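Engineer: Here you go, one structure.
The values are calculated or read from the model by the stated rules, or taken from the named source; none is laboratory data. What you are looking at is a predicted structure, and each value in this text was computed from that prediction instead of being measured. Cβ coordinates were reconstructed from backbone atoms using ideal geometry, including for glycine residues, and neighbour counts include every protein chain displayed. For the accessible areas, the whole protein counts, side chains as well, though only heavy atoms, and no ligand, DNA or RNA atoms are used. Shrake-Rupley method; radii C 1.70, N 1.55, O 1.52, S 1.80 Å.
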Amino acid sequence: MGTLVTFRPRAEDAAAKTEAILSKIGELYQKKVKAKEALPSVLATMIEYGEHEFVIRAVMLWGSGEMEAHEVMAMCEEYAAVAGIPLVGNRPF
């Protein structure tokens, strides 16, 4: 037949993987918090450039809970890049 060989997990590998996962979770959380704080100014900037319909749609998506702030922020950044809007929030393109 065969021999069953058991492998012991290495504590160093498990600790490094856990730290990497926790770090990634922290980064994602910070991204969500920063997006929630910056989104109103980003939408105001978009209104200044005449993108009223887009802003109304973004506010509806965010307000209804269909999209979270960081998702709306990504949508705004993409739209601004395509529309040629030079500033979105404090980040120049």
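Engineer: Measure off 7 Å from each Cα along the Cα-to-Cβ vector at Glu71 and Ala14, then give the distance between these two points in nanometres to one decimal.
Structural biologist: Label-label distance for Glu71 and Ala14, simple model: 3.6 nm.
Engineer: Quick one: pull the percent of accessible area on the chain belonging to carbon and sulfur, 1.4 Å probe, ligands and nucleic acids left out.
Structural biologist: Values: 4330 of 7310 Å².
Its accessible area is 59 percent carbon and sulfur atoms.
Engineer: Would you please give the FRET efficiency between Arg57 and Leu28, computed as 1/(1 + (r/R0)^6) with r the Cβ-Cβ distance and R0 = 41 Å, to the nearest 0.05?
Structural biologist: That gives a FRET efficiency of 0.95.
Engineer: Restrict the search to region 3-45; then list the trypsin sites (Lys or Arg not before Pro) that DSSP places in a loop and that have at most 13 other Cβ atoms within 10 Å of their Cβ.
Structural biologist: In loop regions of region 3-45 (DSSP not H, G, I, E or B), the sparsely surrounded trypsin sites (Lys or Arg not before Pro) are Arg10.
Engineer: Which cross-chain or sequence-distant (5 or more) residues have an amide H under 5 Å from the amide H of Tyr49, H modelled 1.01 Å from N in plane?
Structural biologist: Long-range HN contacts for Tyr49: none found.
Engineer: Can I ask one more? Would you calculate, for the chain, the mean residue ellipticity at 222 nm contributed by helices, counting each DSSP H stretch of 4 or more residues as -39,500 (n - 2.57) and dividing by all residues, to the nearest 500?
Structural biologist: Value at 222 nm, helices only: -25000 deg cm²/dmol.
Engineer: Let me ask something else about it. In square angstrom, what is the accessible area per residue of the chain with a 1.4 angstrom probe?
Structural biologist: 79 Å²
Engineer: Which entry is the computed Rg and Dmax of the Cα atoms in Å for this structure: (1) 15.9, 60; (2) 21.3, 75; (3) 16.6, 62?
Structural biologist: It is the one labelled (2).
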